[in-house]
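To start, the structure under review is shown below, and the notes come after it.
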Amino acid sequence: MTRQADGASAGSDPTSSRLPSRVAQLLSALFYGTCSFLIVLVNKALLTTYGFPSPIVLGVGQMAATIMILYVSKLNKIIHFPDFDKKIPVKLFPLPLLYIGNHISGLSSTSRLSLPMFTVLRKFTIPLTLLLETIILGKQYSLNIIVSVFAIVLGAVIAAGSDLAFNLEGYIFVFLNDIFTAANGVYTKQKMDPKELGKYGVLFYNACFMIIPTLILSVSTGDLQQATEFNQWKNVLFILQFLLSCFLGFLLMYSTVLCSYYNSALTTAVVGAVKNVSIAYIGMVVGGDYIFSVSNFIGLNICMAGGLRYSFLTLSSQLKPKQPVDEENIPPDLKS
């Protein structure tokens, strides 16, 4: 599917690819939701159940997997992206900084919060994305969408305000993660022009530019030393889950770009909210770190209801017939 999409976007048949198909929109959203769901569960197991102390090293592993998979695929002509030149860093900025900030803050917050609270606080990505798309991409949204966003935020505030396992450091990391995720999604949407870097080029060069600085950060903070001294490296199940996390890290980055390409950064955030519904409720019975309270539970459900309503409004608008003012579903390279 992706190779055909790339071929169409290259301009061989512009009339056949004027708009991305509804199937591509829905499948890319489903793919992103599935990858996002799986990686949270795997990372939670690594960082909490096994007690792996080095989230930055885990991020380095995910970047390394991304570089290797994309480079081998390019060598075998499965995919295409431009060779390096001096203009690429300028074309990408500020994506590499947002990319690494998103990685580190996300992994750090996962290890410090219960799954339900992590997924609730991640809801703040949605209003931040809406705000940034309005400012940077000039998009406008209906009152129904804004009301749904308000419900999501209200539920998150109620749930977070009564969190009996309050962890200030975890809250700071997750709010930073929200900011980086929103900014990364919006700027990725802006820079995915196939005539420039394309989807794969954005992924590959982001990882290339940031893996060395991240490794240096890991060494300077002692994160790498803690990883090398970790006592589970002889545990086959731990190693398999670590490698699975690295691979899922690549799939998550790719599926995020794909979903934003066929839909929008805001739709990608919405799909993440729907995915979080299942994660939050699973986390209440799995993981052992959720502390029940009535107000917390009510807040969770308000947040989830707002997320579902938001998702319904956004996804239903995608299924409407073509409208002259509906540009959300048009890839950047076809808007000219």
Computed curve, region 22-318, Cα-only Debye sum without solvent term, log₁₀ I(q)/I(0) at 0.15 Å⁻¹, is -1.20
Taking 8 Å as the Cα distance limit and 6 or more residues as the minimum spacing, I'd like the relative contact order of region 43-157 as a percentage.
30
Per residue of region 201-208, in order, report the coupling 6.51 cos²θ - 1.76 cosθ + 1.60 (Karplus, θ = phi - 60°) as ³J(HN,Hα) in whole Hz, putting x for Gly and Pro.
x, 4, 5, 5, 6, 4, 5, 4
Residues with amide H under 5 Å from that of residue 79, placed H, sequence gap 5 or more
74
Remind me, relative contact order of region 22-318 in percent, using alpha carbon pairs under 8 angstrom and six or more residues apart?
39
By the mean-Cβ-within-10 Å protection proxy, highest first, 176-187, 135-146, 68-79 rank as 176-187, 68-79, 135-146
Hz values of 3J(HN,Hα) by residue in region 84-97 - Karplus curve (6.51, -1.76, 1.60), Gly and Pro given as x:
5, 8, 5, 7, 4, x, 5, 5, 7, 3, x, 4, x, 5
Excluding ligands, DNA and RNA, the carbon-plus-sulfur percentage of the accessible area of region 22-318 with a 1.4 Å probe reads 71
Which of the trypsin sites (Lys or Arg not before Pro) across region 173-237 are loop residues per DSSP, with 11 or fewer other Cβ within 10 Å?
234
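The values are calculated or read from the model by the stated rules, or taken from the named source; none is laboratory data. Remember, it's a predicted structure, so these values are computed and weren't measured experimentally. Using ideal geometry, Cβ is built from the backbone for each residue, glycine included, and neighbour counts are taken over all protein chains shown. Ligands, DNA and RNA are excluded from the accessible area calculation, which covers all protein heavy atoms including side chains. Shrake-Rupley method; radii C 1.70, N 1.55, O 1.52, S 1.80 Å.
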